[in-house]
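Input: a single structure, listed below in structure tokens.
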Amino acid sequence: MLIGGFQKFSLSDFPGKISSIVFTQGCNFLCPYCHNPELVEPDSYVTPLDEATIFSFLKSRRGRIQGVVITGGEPTLHEDLPEFLERVRKIGCEVKLDTNGSNPALLERIISSGLADYIALDVKAPLRLYPSVARVPVNTADILRSIRLVIESGIPHEMRTTYLETLLSIDDMREIAEMVKGCRLLVVQSFRPTKALDPAMLEQPTPSSHTLENLRAAVDAMGVPCETR
């Protein structure tokens, strides 16, 4: 895999686990609010990190690092992702996979092989708005297939939507809730204008706590467990 970053220690990215985070390079979406532009824009890529260095660290912390988060960028762009996950699990670490759901074939392979212990699937928008939010053509059938794969897998999981008032409305969130019915949790992530793929997004305000509470209540009312972050 092409690895653009490695965070050795986190208490907040893998629910209930002390984890390390692997950031893959490359993404097939261009979401304007993306807070990892250096993993999306090829001109910003650093020299990929050596996998051997990462596994050496994980082995040295065996028993202390409980899990590894694989995020990006978009990890499922890398066809050797399953082999990487298998190596992580052989060390004794659990795996959390963050994905945008655009590669259901590889996601199904990972699920059926038992290589993920937790999955966070980003649901960008209602299907009709996917191209405008992702800013690329999107095969929305792939998104729906990934959603169903995760829900039906029995694996602990969450769906995640980044909320920005200029891109989504409360009715849009209701549509998203309908798409993910049956999921264990829908997380509404508040946009924070600290870093973004599109610099114009930095002028956008963070949603108020009142707005986020209204969103949570609207999603809960549809029978979908929801929390805001």
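Toward the positive end of the charge dipole of the chain, with +1 on the Cβ of Lys and Arg and -1 on the Cβ of Asp and Glu, the farthest Cα among VAL46, THR206, LEU97 is that of LEU97. For the stretch 127-173, trypsin sites (Lys or Arg not before Pro) meeting the loop criterion (DSSP other than H, G, I, E, B) and having at most 16 other Cβ atoms within 10 Å: ARG135. Largest GNM mean-square fluctuation across THR140, THR194, THR71, computed for the chain with C-alpha springs under 10 Å, falls on THR194. A cut-off of 5 Å between modelled amide H atoms, ignoring neighbours fewer than 5 places along the same chain, links CYS183 with no other residue. Counting other C-beta atoms within 10 Å, and keeping those with at most 15, which DSSP coil chymotrypsin sites (Phe, Trp or Tyr not before Pro) do you find in the stretch 11-52? Loop-located and lightly packed - TYR45.
Taking trypsin sites (Lys or Arg not before Pro) across the stretch 1-104, the ones in a DSSP loop with at most 10 further Cβ atoms lying within 10 angstrom of their Cβ are ARG64. Phi angles of the stretch 179-193 translate, via the Karplus equation with coefficients 6.51, -1.76, 1.60 and θ = phi - 60°, into HN-Hα couplings of 5, 9, 3, x, 6, 6, 6, 10, 9, 9, 8, 6, 5, 10, x Hz per residue; Gly and Pro are given as x.
Taking GluC sites (Glu not before Pro) that fall in a DSSP loop and have at most 14 other Cβ atoms within 10 Å as cut points, what is the longest piece of the chain between them?
Details: sites that count: GLU79, GLU165.
The longest uninterrupted stretch comes out as 80-164.
If the segment from PHE55 to LEU185 were pulled out straight at 0.36 nm per residue, it would be longer than the present Cα-Cα gap by 43.7 nm. Does anyone have the angle between helix 51-60 and the longest principal axis of the chain? Alpha-carbon axes, 0 to 90°, nearest 10? For helix 51-60, the angle is close to 80 degrees. For the stretch 3-228, the relative contact order comes to 18 percent (Cα pairs under 8 Å, sequence separation of at least 6). Pairs from the list LYS90/LYS195; LYS59/LYS195; LYS96/LYS181 with a Cα-Cα gap above 30 Å: LYS90/LYS195; LYS59/LYS195.
Bear in mind these aren't lab numbers, they're just calculated from the coordinates by the rules spelled out. Please read all numbers here as calculations on a predicted model, not as lab measurements. Ideal geometry is used to build each Cβ from the backbone, glycine not excepted, and the neighbour counts take in all protein chains shown.
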